[in-house]
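J.: Have a look at this one.
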Amino acid sequence: MTATARDGGAGVVAGIDIGGTTTQVLLCSPELTVLARAEVPTPAAEGGRAMVGAALAALHGLLARTPHRPAGVGIGAAGIVDSHTGHILVASDSFRGWAGYAVTDAIEAALGIPAFLDNDVNAFLRGEASPRGAIAGESHALGITLGTGVGGALWIDGEVYDGPHGAAGEIGHIPGFGDLPCSCGGRGHLETLAAGRAIAARYRERADPAAGPTTARDVLLAADDGDQDARAVFRTAGTAIARAILITAGLIDVTTVVIGGGVSRAWSHLEPAIRTALTDEPPVSGRPVHLVRASLGDDAVALGAAARARSELNASAGPAVPDCPSGVGARGRLSA
């Protein structure tokens, strides 16, 4: 049966965001309008099979409630990924049994449609560069996500640039920001000052080292209430983010920056510090940094993953998305 007969409109795609806490699933039209959505907890401690299984269960739940049937699916996943083979290469200590997992193979076997894997920050950047995103129409940009960790991605000549090893744009692990231990095993990385866990830890160090568990949200609430220690932690994070932006601008001449992720909810505290630091030491090109907050919220990664699937399907099929033969592999090529 053709995609048109299944959908009532060819080219519906699914987008999946497998995050450390939650997994988001979207069904999108060919124009990337969200048709249906679901959210489930991510079983990050149970391994790759469980994590993909949760995403598939959420997608099957959507398909049971709607007439739409996707022609392909994109996945945005935490960690460093091989977007060509569909494998997770490196994952943080928040995920068990994730590194090495063959994500697209598992999803294609379950659904019988092509699947495409992206790093979650790359997918976020694709989403924000889409027609509904905060940097729609930009040809060059740096994307930053502030969450449990700090992620980065590059948009070069209208495409995500992965780099030769899949780690281009990972500014969260640029050193030179002190000597604190990072989640990756290194020291002094941007993530030790600007990630959610780091913000909570830096606040405890300043306010009460003996205090119990604190989250970045707690620090934000304290900052909103006028807590000067909390505000100082966000100023430090904002200044460090600006420095990483300037490093990027100096190396590759990219001066458009979009920032998202859960910690960006503290924008009213982060933005002034970022802008002050950028004003004090502008890029060597003399071009001002165009700094914007992400506009797609929790949809950004899944929508960007859906955009990747749409792009790959259209590229392999021609001007329109046709039927999807079972032999189409994870990279949109006919398998043997």
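J.: What residue, of Asp229, Asp208, Asp224, Asp157, is in contact with a Phe, Trp or Tyr (Cβ under 8 Å, 6 or more places away or on another chain) and surrounded by fewer than 18 Cβ atoms within 10 Å (Cβ to Cβ)? Working first, answer last.
T.: Working: Asp208 fails: in contact with a Phe, Trp or Tyr (Cβ under 8 Å, 6 or more places away or on another chain); Asp224 fails: in contact with a Phe, Trp or Tyr (Cβ under 8 Å, 6 or more places away or on another chain); Asp157 fails: in contact with a Phe, Trp or Tyr (Cβ under 8 Å, 6 or more places away or on another chain).
Of Asp229, Asp208, Asp224, Asp157, the one residue that is in contact with a Phe, Trp or Tyr (Cβ under 8 Å, 6 or more places away or on another chain) and surrounded by fewer than 18 Cβ atoms within 10 Å (Cβ to Cβ) is Asp229.
J.: Please state which of the following conditions Ile88 fails to meet, knowing it meets all the rest: (1) among the β-branched types (Val, Ile, Thr); (2) at pLDDT 90 or above; (3) open to solvent by 20 Å² or more (accessible area, probe 1.4 Å); (4) in contact with a Gly (Cβ under 7 Å, 6 or more places away or on another chain).
T.: Ile88 satisfies all of (1) among the β-branched types (Val, Ile, Thr); (2) at pLDDT 90 or above; (3) open to solvent by 20 Å² or more (accessible area, probe 1.4 Å); (4) in contact with a Gly (Cβ under 7 Å, 6 or more places away or on another chain) except (3).
J.: For Leu27, state whether it is crowded, with 21+ Cβ neighbours inside 10 Å, of a type in the set (A, V, I, L, M) and modelled with pLDDT of 95 or more.
T.: It is true that Leu27 is crowded, with 21+ Cβ neighbours inside 10 Å, of a type in the set (A, V, I, L, M) and modelled with pLDDT of 95 or more.
J.: Taking the residues in segment 97-127 that are over 17 Å from Ala58 (Cβ atoms), under 19 Å from the mean Cα position of the chain (by Cα) and charged (D, E, K, R) as candidates, determine which candidate is least open to solvent (accessible area, probe 1.4 Å).
T.: Only one residue tops the list, namely Asp118.
J.: What pairs come up if the first residue lies in segment 246-274 and is aromatic (Phe, Trp, Tyr), the second is open to solvent by 40 Å² or more (accessible area, probe 1.4 Å), and their beta carbons are under 7 Å apart, counting only those six or more places apart or on different chains?
T.: Partner pairs satisfying both residue conditions: Trp267/Arg293.
J.: Quick check on my filter: what residues within segment 265-304 are under 17 Å from Thr22 (Cβ atoms) and assigned to a helix (DSSP H, G or I)?
T.: Arg265, Gly297, Asp298, Asp299, Ala300, Val301, Ala302, Leu303, Gly304
J.: Just name the residue that is surrounded by the fewest Cβ atoms within 10 Å (Cβ to Cβ) out of those in segment 129-149 that are under 10 Å from the mean Cα position of the chain (by Cα) and not in a loop (DSSP other than H, G, I, E, B).
T.: Filtering first and then ranking leaves Thr145.
J.: Search segment 160-202 for residues being open to solvent by less than 50 Å² (accessible area, probe 1.4 Å) and of a type in the set (Ser, Thr, Tyr), and hand back the single one that is nearest to Ser139 (Cα to Cα).
T.: It comes out as Thr192.
J.: Within segment 247-264, can you find the residues that are small (Gly, Ala, Ser) and assigned to a helix (DSSP H, G or I)?
T.: So in segment 247-264, the residues small (Gly, Ala, Ser) come out as 249-250, 260-262, 264.
Answer for segment 247-264, where residues must be small (Gly, Ala, Ser) and assigned to a helix (DSSP H, G or I): Ala249, Gly250, Gly262, Ser264.
J.: In the list Thr255, Thr215, which residue meets the criterion of being open to solvent by 20 Å² or more (accessible area, probe 1.4 Å), among the hydroxyl-bearing types (Ser, Thr, Tyr) and within 28 Å of Pro131 (Cα to Cα)?
T.: Sole residue among the options that is open to solvent by 20 Å² or more (accessible area, probe 1.4 Å), among the hydroxyl-bearing types (Ser, Thr, Tyr) and within 28 Å of Pro131 (Cα to Cα): Thr255.
The values are calculated or read from the model by the stated rules, or taken from the named source; none is laboratory data. Bear in mind that the values here come from a model prediction, so they are computed numbers and not experimental data. Positions of Cβ are backbone-derived with ideal geometry, glycine not excepted, and every protein chain shown enters the neighbour counts. Keep in mind that these areas ignore ligands, DNA and RNA; they rest on the heavy atoms of the full protein, side chains included. Shrake-Rupley method; radii C 1.70, N 1.55, O 1.52, S 1.80 Å.
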